[in-house]
Amino acid sequence: MNESQTIAVRTEFDVFTARMQVRKLAQAIGFDITDQARIALATSSLARALRLGETHQGHVNVDCLGEEGRTGMRVVCTAVNGAGSDLASRTFTDTRWLVDNLTVEELPPNDLQVTVVKWVARGESQV
Amino acid sequence: MAKTHKTVLIVEDSPAQALALEHLLKEEGLQVLCAPDGQIGVLLAQQHAPDVIVLDVEMPKMDGFEACQRLKENAHTADIPIVMLTVRDDAATAIRGINLGAIDFIPKDAFSGPVLLETLRQLHVLPESDNVV
């Protein structure tokens, strides 16, 4: 499976759409329902923390990962146009507990990008 | 809409939110039970063995966490899937809920309804739909 989707986030509804797209993809690649909930919640929590659809605009990119016999997904939330200096001090501590990896990156000119990765647990069905 | 004969227990202290969820689920042909707090919710779950429990976190008498714990400790209710209602996207609440045995959490926002319906489809409480958002 090699799916990549980008959802522009300008409103609250776009956050909802991103959450549901993440969930659909998580289901498709074999996450169990609780892990689907975790990655979906991580996505909307990040979008809210970045104030996407509220103070800031941005986008959410979702894609599948596959390496060394394991499957996972990556969600990249990007807030643009001044979000970097506004939000860079955030640690996203709670969201880190929902995923396997979380990285924060400031991008020029002044954007902030948060990437989360979650792998399908061994024993769950890998597609 | 055809009756599915599945039952959902809504445990929610806000009458407005409970009514909105009840209406939504009945529209989908589900039977709905409502409890205004965790204590009554646990009793109704033991009496009726619903197919799914939708559990608010902040409630009087017994909050959602304690109710979830009691439901999971009771052999009659331990296997019933619990979906928790969280304020917006509160990851800390969700993590605590998962650790107690909840399988999903629905942010309380304008889109709670469609998210809940999608979860119920995944749990096969509602039939699959092609019109997933």
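Please treat every number below as a calculation from the coordinates, not as lab data. Everything numeric here is computed off the predicted structure, so don't read it as measured data. Heads up, the Cβs are rebuilt from the backbone with ideal geometry, glycines too, and the neighbour counts pull from every protein chain shown.
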Across the residues of B:104-116, average count of Cβ atoms on other protein chains within 10 Å? 4
J(HN,Hα) series, the range B:35-40, from Karplus relation 6.51 cos²θ - 1.76 cosθ + 1.60, nearest Hz, glycine and proline x: 10, x, 7, x, 4, 5
Using Cα positions and a limit of under 30 Å, work out the lysines in reach of B:K61, with same-chain residues fewer than 8 apart set aside. B:K6, B:K26, B:K72, B:K108
Just from the alpha-carbon atoms, what are the Rg and Dmax of the range B:21-91 in angstroms? 12.0, 32
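Using a Förster distance of 22 Å, how high is the FRET efficiency between B:K72 and A:T34, based on the Cβ-Cβ distance and rounded to 0.05?
Efficiency, from the Cβ-Cβ distance: 0.95.
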Long-range amide H partners of A:V9, meaning residues 5 or more apart or on another chain whose placed amide H is closer than 5 Å, are A:G58, A:H59, A:V60
For the range A:14-30 and the range B:31-97, write down the distance between their C-alpha centroids in whole Å. 25
Angle check, please: helix A:12-29 long axis (alpha carbons) against the longest principal axis of chain A (alpha carbons), in degrees 0 to 90, nearest 10. 20
For B:F105, enumerate residues with amide H under 5 Å from its amide H, sequence gap 5+ or separate chain, H modeled in the peptide plane. B:M84
B:C34 long-range amide H proximity, modeled H, under 5 Å: B:I10
How many partner chain Cβ atoms sit within 10 Å of a residue's Cβ in peptide A:39-45, on average, as a whole number? 5
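Translational D (Stokes-Einstein, µm²/s) of the range B:70-111 at 4 °C and 1.567 mPa s when Rh comes from the Kirkwood sum over C-alpha pairs?
120
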Eigenvalues of the alpha-carbon gyration tensor of chain B, times 5 and square-rooted, give semi-axes in Å, largest first, of 21, 17, 14
Alpha-carbon radius of gyration plus Dmax, which is the widest Cα pair, for the protein assembly as shown in Å: 18.6, 60
Can you give the mean number of other chain Cβ atoms that lie within 10 Å of the Cβ atoms in peptide A:26-34? 2
Over the alpha-carbon set of chain A, work out the extent along each principal axis and list the three values in angstrom, largest first. 42, 25, 24
